[in-house]
Amino acid sequence: MKHLSKKAASVFAKLLKIMMENGGYVKIDNSESFMAVIVEAVSPSAFGLEVSVAHYYEQNGDLMADPEIVFVVTEDTGEVYPKSFTQHNLGIYQEVITIKEGEPEIDVRQQWEITEFANQWMLNI
């Protein structure tokens with residue numbers, strides 16, 4: 001399973017710190033040319049703390065993720081792994097880490113692809 005690169009994990013750690021200081025939710029809007037990023041604690045899970053990072057826009061009264069990645073922060077090592085990816089305007093939902101019969105099941109190829117995207121996305125945030 002592929003975790004975030006050091007640079008991307010550093011950005012994620014800053015987002016996580018700001019989120020925790022604000023009670024588990026923060027909206028960061030630093031620019032008029034980029035969409036605000038929303039960071040929120042989703043829930044603790046069998047994998048560790050789950051954190052959603054997303055851009056949203058409104059379409060016909062609905063919030064549209066553009067995109068949203070749910071990350072897992074492991075309790076033992078503190079490494080960050082993408083768990084799911086959502087892109088509403090394209091109808092994409094990919095859950096790449098799940099629990100099946102009490103054991104983690106990982107779609108290795110998709111998890112790798114989402115991690116590669118997340119590494120670049122974190123640097124752009």
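Of the residues making up the range 88-109, those that are without any contact (Cβ under 8 Å) to a residue 40 or more places away in the chain and in contact with a Phe, Trp or Tyr (Cβ under 8 Å, 6 or more places away or on another chain) number 4. Being within 17 Å of the chain's Cα centre (by Cα), under 24 Å from K6 (Cβ atoms) and either free of Cβ contacts under 8 Å to residues at least 60 places away in the same chain or surrounded by 13 or more Cβ atoms within 10 Å (Cβ to Cβ) (or both) is not true of G24. Can you name every residue in the range 27-46 that is in contact with a helix residue (DSSP H, G or I) (Cβ under 9 Å, 6 or more places away or on another chain) and either of a type outside the set (V, I, T) or open to solvent by 70 Å² or more (accessible area, probe 1.4 Å) (or both)? Those that are in contact with a helix residue (DSSP H, G or I) (Cβ under 9 Å, 6 or more places away or on another chain) and either of a type outside the set (V, I, T) or open to solvent by 70 Å² or more (accessible area, probe 1.4 Å) (or both): F34, E40, A41.
When you look at M1, is it in contact (Cβ under 8 Å) with a residue 24 or more places away in the chain and surrounded by fewer than 19 Cβ atoms within 10 Å (Cβ to Cβ), yes or no? Yes; evaluated as a whole, the condition is true for this residue.
The values are calculated or read from the model by the stated rules, or taken from the named source; none is laboratory data. This structure is a prediction, so every number in the text was calculated from the model and none was measured. Cβ: placed from backbone, ideal geometry, glycine included. Neighbour counts: every protein chain shown. Ligands, DNA and RNA are excluded from the accessible area calculation, which covers all protein heavy atoms including side chains. Shrake-Rupley method; radii C 1.70, N 1.55, O 1.52, S 1.80 Å.
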